[in-house]
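Peer 1: Sharing a structure here in C-alpha cells format.
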Amino acid sequence: MKQWIRLLNAFLEEAHWLNSGHLPRAEDYLNNGIVSTGVHVVLVHAFFLLDHVNGITKETIDILDEKFPNVIYSVAKILRLSDDLEGAKVRNMSPKLEYLTSI
C-alpha cells in the first residue's frame, strides 16, 4: 500500500511543478522521477508472485515498504534516464535539457 501512495505522491509532485512553472533541481527531478516510473510498484508485486515466497519475513516486507532496495532503485533510475534520453531524441533536443520540458 505504501508503494502506491509513494507513486501517487510522485505524480502529484510532477503535476505541481508543471502547473506552477517551477523548475526543480536536477537531483529533485531525478529522485522524484525514480519513484514516478512505477518500477518499485511492479517489482514489489512481482516479488510476491514468485513461487518461493514461503521464506518472506516481516523484516523483508519492512525493507520493501520503507526504502527501495538497491536493485529496485537502480532499475528505476536506468528506466527514468533512458526514457528522458529517448524523449530528447524524439523532440530533437539536447538530452541534458530534456528534464526542463518533461515536467
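Laboratory data are not the source of any read-out in this text; all were calculated from the coordinates shown. These figures come from a predicted structure and were not determined experimentally. Because the Cβ atoms are built from the backbone with ideal geometry, glycine has one as well, and the counts that use them run over all protein chains shown.
Peer 1: How would Thr60, Thr37 line up from fewest to most surrounding beta-carbon atoms within 10 angstrom? Don't jump to the answer; show the numbers that get you there.
Peer 2: Details: Thr60 13, Thr37 18.
Arranged by neighbour count, lowest to highest, Thr60, Thr37 become Thr60, Thr37.
Peer 1: To the nearest 0.05, how large is the calculated FRET efficiency for Thr60 and Asn9 if R₀ is 22 Å and r is the Cβ-Cβ distance?
Peer 2: Values: r = 24 Å, r/R0 = 1.07.
Efficiency computed from Cβ-Cβ geometry: 0.40.
Peer 1: Among Arg25, Arg91, which comes first, then next, by fewest other beta-carbon atoms within 10 Å?
Peer 2: Numbers: Arg25 9, Arg91 13.
The order, fewest Cβ neighbours first, is Arg25, Arg91.
Peer 1: Can you put Tyr29, Tyr73 in order of Cβ neighbours within 10 angstrom, beginning with the fewest? Could the numbers behind the result be given before it?
Peer 2: Numbers: Tyr29 21, Tyr73 15.
Fewest-to-most ranking of Tyr29, Tyr73: Tyr73, Tyr29.
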